[in-house]
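Read through the structure below, which is laid out as structure tokens, and then see the notes.
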Amino acid sequence: MAYRDDEELEASTNRVMLVGVVLLFAMVAVFPLYRVAEPLNRDDARAEQEESLERSGEQLWSLNCGSCHGTTGEGGLGPALNSSQFLQAASDQQIDSLISVGIPGSQMSAYSQDNGGPLTVEQVKAIRTYIRAWEDNAPDRPDWRAMMGG
């Protein structure tokens with residue numbers, strides 16, 4: 001069987017290949033723009049998520065924590081958590097643990113669902129994010145552990 005030329009098929013194939021080559025060059029040209037823009041988009045998304053967690057944490061704080069630690073963490077029955085000393089000394093993991101597990105032998109009970117409390121892991125994270133939001137303006141309180149009401 002002899003090979004015969006099909007000019008219409010060849011022209012169609014050449015058009016498809018040309019479109020492919022143009023798309024390839026377009027993607028190569030756009031990729032550096034993506035590499036510049038994507039980190040900025042991620043930073044914006046991360047900041048938006050932090051703000052959302054902070055707002056949620058503020059509501060959760062007033063429902064679960066404010067009665068003992070004060071409406072803005074200034075202390076009361078429980079220690080002042082908006083002090084620069086506490087915020088500098090405590091890691092995020094420690095704050096999560098204090099909220100989740102509580103402090104045995106004290107009035108600070110466990111608040112995570114895993115430990116019999118009402119809060120999900122995400123809610124604990126939201127409260128921690130709210131507490132961390134105080135860091136920039138936290139007062140100097142060397143006596144942060146002192147409980148005003150007890």
Please determine, by comparing only the residues of region 113-128 that are farther than 13 Å from C65 by Cα and not charged (D, E, K, R), which one is farthest from the chain's Cα centre (by Cα). G116
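Just to check your reading of the model, which residue among I103, I131, I127, I95 is among the β-branched types (V, I, T) and more than 27 Å from R46 (Cα to Cα)? Show your work before the answer.
Numbers: I131 fails: more than 27 Å from R46 (Cα to Cα); I127 fails: more than 27 Å from R46 (Cα to Cα); I95 fails: more than 27 Å from R46 (Cα to Cα).
Matching residue, one of I103, I131, I127, I95: I103.
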Exception for Q85 within (1) buried (at least 19 other Cβ atoms within 10 Å of the Cβ); (2) in contact with a Pro (Cβ under 7 Å, 6 or more places away or on another chain) falls at (1)
Quick one: V36 ticks every box in (1) modelled with pLDDT under 95; (2) within 22 Å of D96 (Cβ to Cβ) bar one, so which box is it? (2)
So, of the residues in region 1-50 that are over 30 Å from A133 (Cβ atoms) and either in contact with a Leu (Cβ under 7 Å, 6 or more places away or on another chain) or of a type in the set (K, R) (or both), which turns out to be surrounded by the fewest Cβ atoms within 10 Å (Cβ to Cβ)? R4
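The values are calculated or read from the model by the stated rules, or taken from the named source; none is laboratory data. For clarity, every value in this text was computed on a predicted model and none was experimentally measured. Cβ sites come from the backbone with ideal geometry, for glycine too, and all protein chains shown count toward neighbours.
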